[in-house]
Every structure is written in structure tokens, then in C-alpha cells.
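Enquirer: Okay, here's the structure, questions in a sec.
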Amino acid sequence: MKLADFDYHLPPELIAQYPCEKRDQSRLMVVDRVSQSLEHHRFRDLPRFLSSRDLLVLNNTRVIPARLYAYREGRQEKIEVLLLSSLEGDVWEALIKPGKKARPGVRLVFQSGEFEAEVLGAPDSAVRRLRFEYSGEFWEWIERLGQTPLPPYISRQSTTDDRERYQTVFASVSGSVAAPTAGLHLTRELLEETSHCKITLHVGYGTFKPVSVESVKDHQMDFEYYEVGSEAATRIAEIPRNGRVIAVGTTTTRALEHVFSKHQQITPDRGWTDLFISPGFDFKVIRGLITNFHLPRSTLLLLVSAFAGRKLVQKCYREAIVRGYRFYSYGDAMLIL
């Protein structure tokens, strides 16, 4: 199976640069895997396609304002710092642009004398380990100086509105550098109308990384932290035989399927997963998926193709392009049943 099998051409104007004015007014393509049919609705219509026996599983991770700007001590050039993950204490891994400006030993200044960092090492060409030094509280500085880390295909600077809109209404556990975008369409009103539970998977830098190998089986996912609590595990276990677990997003899917593969059931668990789902994967937990329209040649598109079938997904994407659906993080959604 080659990566080229999951390529397609997308007119650039269909890449959503801003969210829909109202979350639940984004478009919703409803896809039936059995009949191979699809319908066009609005996300507000979601409850029409669910029964009282179905359970939505949400990812409640919260996006941190992980994009910061600094300068080297004694210099003025702006350096972009994207926080990736906390290692220990005040040491973080971060993606630096331009990386050549941040060699080990360099001091990065975010707020002179109050919030600075020393470059400790360089695991690869762009990622660095930073030790932060600061007065006051670390997270107060991040909230004050950080910006929402919008994906690179959104060709504009983040705004104060993105602090709210690039975040689900149920986000509560800080730790992601990218939003679980399928959940962006849900409103509090829709949540009141649907049966749901929440788990956590912190979305890491790997969500931005392109697949660089031509043979799909050779791709290696980055590790991401997940947690499935007792309430969610119980709710999933209590679903009747004719009910469905419907994952809201690919991150939720990966967390649930990882836990099942580890324990042969959904049970309270936490840890790290690098589960890579591609066509041929045997899904054990989810029977429905809510997801956005994803980049070509991406792990997200591979997962959706594994669940719905490559030919059906290609059909859906062709139809979405013809009908002018909006793509990627701030774009429209699919419900695949």
C-alpha cells in the first residue's frame, strides 16, 4: 500500500482560514458504509442520526497557547518557539524556527529578566530542549505571551478570537498543541441533546508532521499521552448490543482502540500511544466516526480510509470538493456510520 494512493488535489480556496460563524452551522456529510451513500446536512442536524443507545466519545484536551516569540540575548531577530512537550521540571521540547539560531548554550529571551530559556540540546534539526527560567508562575507567562498554534495551512496570524474558536467548548485538560478539530463543531446545546462521555488524548507535534515514507507500513507515529477515566470506561461498557460508540475525532479513535488492544476491553487506563491506524486495521471499539476533511497523504486520512474504505472516502472527498465543502481544521465535518 503506497502513500500515493491517498493523494488528491484540493483547490486552495477550499482550505478554511476562519471558523464558521456558528459552530453547529458547519456542513455535515453523513456517510453510510453499508449502502455506500452520502447525504448533505448541517452539523446542527447531528441528533437526527443518533439513537438513544449511541454514545459520543469526546476528547477533552485543551490547546495551550504554545507558540511564543523570543530573541537571542544581545540580538534582535525574532525566533519562533512552539512548545511540544514537558520533559521534567522546567525543561521542554520545542520546535524552533529558524533552528540554526538556537544552538546549545544560546539564551532565548521572551521577557527580559523575567521569562527566558537556555537551549540545552538538539535532538534533531528543528527540535530543541529548553530549560525555562522565570519569575512568578510558568503557566501565567504562557497564557500572557503565548499565541494559539494554528496549523501551517492557515495562512494568517492567530487572533484573540482563535483562543476561543480553536478550542472545543468542553476542553478542560491542558496539554495539546493542536485542537481535536472534529469536536470544534459541537455546542453546549448539542451536548445536552446527545449522550456522551469524555476521554483525553493530548495532540502533539506529530499531527503536523507529513508522512515521509512512500510505503505506508513504514510510518512511525509520535507518542501522545492519553487517559481514559472510570466514568468513560463504565459508560462504554454499558452500551447495549445494538448501540454504537461514535468517536468524535481521530484522536479519540486512536486512544480507544489502543486501550482495547492493550486490555481486550475498555478499562480505566493512562499512558502513551503511538498507534498508527491504516487500511486493514481491525476496529474493535468504534462503530461511528465524526471527523473533518483531512490533508492528502496524512495519517488522519489513512485512519478515515481504514474505517470507511479507501474508495468510499475518495468518493466523499470528490463530492465535497465539487460542492465546495470547507477543508481541514476550521472546515466542515463528516459523520461516518
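Enquirer: Kindly list, by first and then second residue, each pair from a residue in region 254-275 that is at pLDDT 95 or above and in a strand (DSSP E or B) to a residue that is of a type in the set (Gly, Ala, Ser) and surrounded by 14 or more Cβ atoms within 10 Å (Cβ to Cβ), limited to pairs with Cβ atoms under 9 Å and residues at least 6 apart or on different chains.
Expert: Asp269/Ala233; Arg270/Gly229; Thr273/Ala255
Enquirer: Hey, can you tell me all the residues within region 52-74 that are within 19 Å of Ala247 (Cβ to Cβ) and either acidic (Asp, Glu) or free of Cβ contacts under 8 Å to residues at least 60 places away in the same chain (or both)?
Expert: Asp54
Enquirer: Just a yes or no: is a residue in region 304-322 in contact with a strand residue (DSSP E or B) (Cβ under 8 Å, 6 or more places away or on another chain) and part of a loop (DSSP other than H, G, I, E, B)?
Expert: Going residue by residue through region 304-322, those that are in contact with a strand residue (DSSP E or B) (Cβ under 8 Å, 6 or more places away or on another chain) are 304, 307-308, 312, 315-316, 319-320.
Remaining after also requiring part of a loop (DSSP other than H, G, I, E, B): none.
Scanning region 304-322, I find no residue that is in contact with a strand residue (DSSP E or B) (Cβ under 8 Å, 6 or more places away or on another chain) and part of a loop (DSSP other than H, G, I, E, B), so the answer is no.
Enquirer: Shifting gears a bit: Within region 205-218, identify whether any single residue is in the same structural domain as Leu46 (by TED's automatic domain parsing), of a type in the set (Phe, Trp, Tyr), surrounded by 20 or more Cβ atoms within 10 Å (Cβ to Cβ) and not in a helix (DSSP H, G or I), and answer yes or no. It would help to see each step written out before you state the result.
Expert: Quick first cut of region 205-218, residues in the same structural domain as Leu46 (by TED's automatic domain parsing) only: 205-218.
Narrowing further to those that are of a type in the set (Phe, Trp, Tyr): 205, 208.
Narrowing the set further to residues that are surrounded by 20 or more Cβ atoms within 10 Å (Cβ to Cβ) leaves 205.
After this cut, where a residue has to be not in a helix (DSSP H, G or I) as well, the list is none.
No: zero hits.
Enquirer: Also: I'd like to check something: does region 231-250 contain any residue that is surrounded by fewer than 18 Cβ atoms within 10 Å (Cβ to Cβ), in contact with a Lys or Arg (Cβ under 9 Å, 6 or more places away or on another chain), touching a residue at least 12 places away in the same chain (Cβ under 8 Å) and closer than 23 Å to Val173 by Cβ?
Expert: So far as region 231-250 goes, yes, one or more of its residues are surrounded by fewer than 18 Cβ atoms within 10 Å (Cβ to Cβ), in contact with a Lys or Arg (Cβ under 9 Å, 6 or more places away or on another chain), touching a residue at least 12 places away in the same chain (Cβ under 8 Å) and closer than 23 Å to Val173 by Cβ.
Enquirer: Another question about this same structure. Please go through region 25-50 and give me each residue that is of a type in the set (Lys, Arg), out of contact with any Asp or Glu (no Cβ under 8 Å at 6 or more places or on another chain) and under 19 Å from Gln314 (Cβ atoms), ordered by number. Quick ask: steps written out before the conclusion?
Expert: Restricting attention to region 25-50, the residues satisfying the condition of being of a type in the set (Lys, Arg) are 27, 33, 42, 44, 48.
Of the ones still in play, those that are also out of contact with any Asp or Glu (no Cβ under 8 Å at 6 or more places or on another chain) are 33, 48.
Once the filter is applied, which keeps residues that are of a type in the set (Lys, Arg), out of contact with any Asp or Glu (no Cβ under 8 Å at 6 or more places or on another chain) and under 19 Å from Gln314 (Cβ atoms), region 25-50 yields only Arg33.
Enquirer: Which residues, counting only those in region 280-337, are of a type in the set (Ser, Thr, Tyr), out of contact with any Cys (no Cβ under 8 Å at 6 or more places or on another chain) and within 17 Å of Leu28 (Cβ to Cβ)? Reasoning before the result, please.
Expert: Going residue by residue through region 280-337, those that are of a type in the set (Ser, Thr, Tyr) are 291, 298-299, 305, 317, 325, 328-330.
Going one step further and asking which of them are out of contact with any Cys (no Cβ under 8 Å at 6 or more places or on another chain), we end up with 291, 298-299, 305, 317, 325, 328-329.
Within region 280-337, Thr291, Tyr317, Tyr325, Tyr328, Ser329 qualify.
Enquirer: State all residues of region 231-253 that are over 24 Å from Gly204 (Cα atoms) and not in a strand (DSSP E or B); if no residue qualifies, say none. First the steps, then the outcome.
Expert: Within region 231-253, the first condition is being over 24 Å from Gly204 (Cα atoms), and the residues that meet it are 231, 234-245.
Listed by number, the residues that qualify are Glu231, Thr234, Arg235, Ile236, Ala237, Glu238, Ile239, Pro240, Arg241, Asn242, Gly243, Arg244.
Enquirer: For Glu13, work out the one condition from (1) of a type in the set (D, E, K, R); (2) more than 30 Å from Cys197 (Cα to Cα); (3) surrounded by 13 or more Cβ atoms within 10 Å (Cβ to Cβ) it doesn't fulfil.
Expert: The one condition Glu13 does not meet is (3).
Enquirer: Inside region 128-146, can you point out the residues that are in contact with a strand residue (DSSP E or B) (Cβ under 6 Å, 6 or more places away or on another chain), buried (at least 18 other Cβ atoms within 10 Å of the Cβ) and either touching a residue at least 60 places away in the same chain (Cβ under 8 Å) or in a loop (DSSP other than H, G, I, E, B) (or both)?
Expert: Residue satisfying the conditions is Gly146 alone.
Enquirer: If you don't mind, there's one more thing I want to ask. Among the residues of region 90-106, are any in contact (Cβ under 8 Å) with a residue 60 or more places away in the chain, touching a Phe, Trp or Tyr at 6+ places or on another chain (Cβ under 7 Å) and either surrounded by 13 or more Cβ atoms within 10 Å (Cβ to Cβ) or under 29 Å from Thr200 (Cα atoms) (or both)?
Expert: Step one: filter region 90-106 for residues in contact (Cβ under 8 Å) with a residue 60 or more places away in the chain, giving 95.
Imposing the further condition that a residue be touching a Phe, Trp or Tyr at 6+ places or on another chain (Cβ under 7 Å) reduces the set to 95.
When the remaining residues are screened for being either surrounded by 13 or more Cβ atoms within 10 Å (Cβ to Cβ) or under 29 Å from Thr200 (Cα atoms) (or both), the result is 95.
Yes, region 90-106 contains at least one residue that is in contact (Cβ under 8 Å) with a residue 60 or more places away in the chain, touching a Phe, Trp or Tyr at 6+ places or on another chain (Cβ under 7 Å) and either surrounded by 13 or more Cβ atoms within 10 Å (Cβ to Cβ) or under 29 Å from Thr200 (Cα atoms) (or both).
Enquirer: Moving on to the next point. Consider Ser35 against the criteria (1) small (Gly, Ala, Ser); (2) surrounded by fewer than 13 Cβ atoms within 10 Å (Cβ to Cβ); (3) over 30 Å from Arg287 (Cβ atoms): it satisfies all of them except one. Which criterion is unmet?
Expert: Tallying (1) small (Gly, Ala, Ser); (2) surrounded by fewer than 13 Cβ atoms within 10 Å (Cβ to Cβ); (3) over 30 Å from Arg287 (Cβ atoms), Ser35 fails exactly one: (3).
Enquirer: When Glu73 is evaluated against the numbered criteria (1) within 22 Å of Leu256 (Cα to Cα); (2) over 22 Å from the mean Cα position of the chain (by Cα), which criterion, by number, is the only one it fails?
Expert: Glu73 satisfies all of (1) within 22 Å of Leu256 (Cα to Cα); (2) over 22 Å from the mean Cα position of the chain (by Cα) except (1).
Enquirer: Given the criterion modelled with pLDDT of 95 or more and at positive phi, identify the matching residue among Gln36, Gln25.
Expert: Details: Gln25 fails: at positive phi.
Residue meeting the stated conditions: Gln36.
Enquirer: Within region 147-199, how many residues are more than 16 Å from Cys20 (Cα to Cα), under 11 Å from the mean Cα position of the chain (by Cα) and not in a loop (DSSP other than H, G, I, E, B)?
Expert: The total comes to 1.
Enquirer: So how many residues does region 1-41 have that are more than 18 Å from His185 (Cα to Cα), in contact (Cβ under 8 Å) with a residue 12 or more places away in the chain and in contact with a strand residue (DSSP E or B) (Cβ under 8 Å, 6 or more places away or on another chain)?
Expert: 7
The values are calculated or read from the model by the stated rules, or taken from the named source; none is laboratory data. In this text, all values refer to a predicted model and were calculated from it rather than measured experimentally. Ideal geometry is used to build each Cβ from the backbone, glycine not excepted, and the neighbour counts take in all protein chains shown.
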